[in-house]
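Single-structure report; data block below.
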Amino acid sequence: MLADARAFALRAHDGQMYGERPYSWHLEAVAELLAPYGAQAQVIAYLHDIVEDTAVSDDDVNARFGPFVGECVGLLTDAPGATRAERKAQTYARLAAVSGPAELALVVKAADRLANVRSCVADRRQRLWEIYRHEHRAFRAAAYRPGLCEPLWCELDGLLAPDDIPAATDG
């Protein structure tokens, strides 16, 4: 299923950009962060933005990858809203209510945010880094679960703690 999810996502996001890179770069970065959490986490990683950013529907994901993957992708898809703040508030409220097996979506969400923040640091995108830093307290309150994926949260907390964007590292 992992190879299928990767191929499906890369086709769906074909032509999209992540900053100055092909969107596939972001998907690969998230999936790589999730390697220690298993193939199912990586499947969800490849699909995490597919409903939000492509013509693929929730029904398409459910039919092709099953109801559990579909549920997780649905949890990771931003709710509609007029502003980023509205969308994130609705999404965070949904994430805060997650429990049980669907908490795997929270691991993917942490990896997605970490990949985004790492990219901000590497590319010196101060404005976007500031947005993530501003949202971090609410994001963490919604998505963090003790013991679920501590290494991801430890790095993310560290990257968002300083007063200024940290220097890029190789990590």
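The values are calculated or read from the model by the stated rules, or taken from the named source; none is laboratory data. Keep in mind that what you see is a predicted model, and the values were worked out from it rather than measured. Cβ coordinates were reconstructed from backbone atoms using ideal geometry, including for glycine residues, and neighbour counts include every protein chain displayed. Ligands, DNA and RNA are excluded from the accessible area calculation, which covers all protein heavy atoms including side chains. Shrake-Rupley method; radii C 1.70, N 1.55, O 1.52, S 1.80 Å.
Consider Ala168 against the criteria (1) under 20 Å from Leu76 (Cα atoms); (2) modelled with pLDDT under 95; (3) over 18 Å from the mean Cα position of the chain (by Cα): it satisfies all of them except one. Which criterion is unmet? That leaves (1) as the condition not met.
Here Arg87 meets each of (1) at pLDDT 95 or above; (2) of a type outside the set (S, T, N, Q); (3) within 23 Å of Leu114 (Cα to Cα) with one exception, condition (1).
Per-residue answers, yes or no, for (1) open to solvent by less than 60 Å² (accessible area, probe 1.4 Å); (2) under 28 Å from Ala122 (Cα atoms); (3) without any contact (Cβ under 8 Å) to a residue 60 or more places away in the chain; (4) touching a Phe, Trp or Tyr at 6+ places or on another chain (Cβ under 7 Å):
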{"residue": "Met1", "(1), (2), (3), (4)": "no, no, no, yes"}
{"residue": "Leu33", "(1), (2), (3), (4)": "yes, yes, no, no"}
{"residue": "Tyr46", "(1), (2), (3), (4)": "yes, yes, yes, no"}
{"residue": "Val56", "(1), (2), (3), (4)": "yes, no, yes, no"}
{"residue": "Phe65", "(1), (2), (3), (4)": "yes, no, no, no"}
{"residue": "Gly70", "(1), (2), (3), (4)": "yes, no, yes, no"}
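Here is a yes/no grid of residues against (1) under 13 Å from the mean Cα position of the chain (by Cα); (2) closer than 24 Å to Trp25 by Cα:
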position	(1), (2)
Pro80	no, no
Thr83	no, no
Val98	no, no
Pro101	no, no
Arg113	yes, yes
Arg118	yes, yes
Ile131	no, yes
Arg137	no, no
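Within the bounds of the stretch 27-45, is there any residue that is among the hydroxyl-bearing types (Ser, Thr, Tyr), in contact with a helix residue (DSSP H, G or I) (Cβ under 9 Å, 6 or more places away or on another chain) and closer than 21 Å to Ala63 by Cβ? No, there is no match, as no residue in the stretch 27-45 is among the hydroxyl-bearing types (Ser, Thr, Tyr), in contact with a helix residue (DSSP H, G or I) (Cβ under 9 Å, 6 or more places away or on another chain) and closer than 21 Å to Ala63 by Cβ. If you filter the stretch 112-150 down to residues that are free of Cβ contacts under 8 Å to residues at least 24 places away in the same chain and farther than 20 Å from Tyr18 by Cβ, you find that the one that is surrounded by the most Cβ atoms within 10 Å (Cβ to Cβ) is Arg140.
Annotation note: Cβ proximity below 7 Å between a residue of the stretch 13-31 that is without any contact (Cβ under 8 Å) to a residue 60 or more places away in the chain and more than 9 Å from Ala115 (Cβ to Cβ) and a residue that is open to solvent by 50 Å² or more (accessible area, probe 1.4 Å) and not in a loop (DSSP other than H, G, I, E, B) (sequence gap 6+ or interchain) occurs for His13/Asp53; Gln16/Asp53; Tyr23/Met17.
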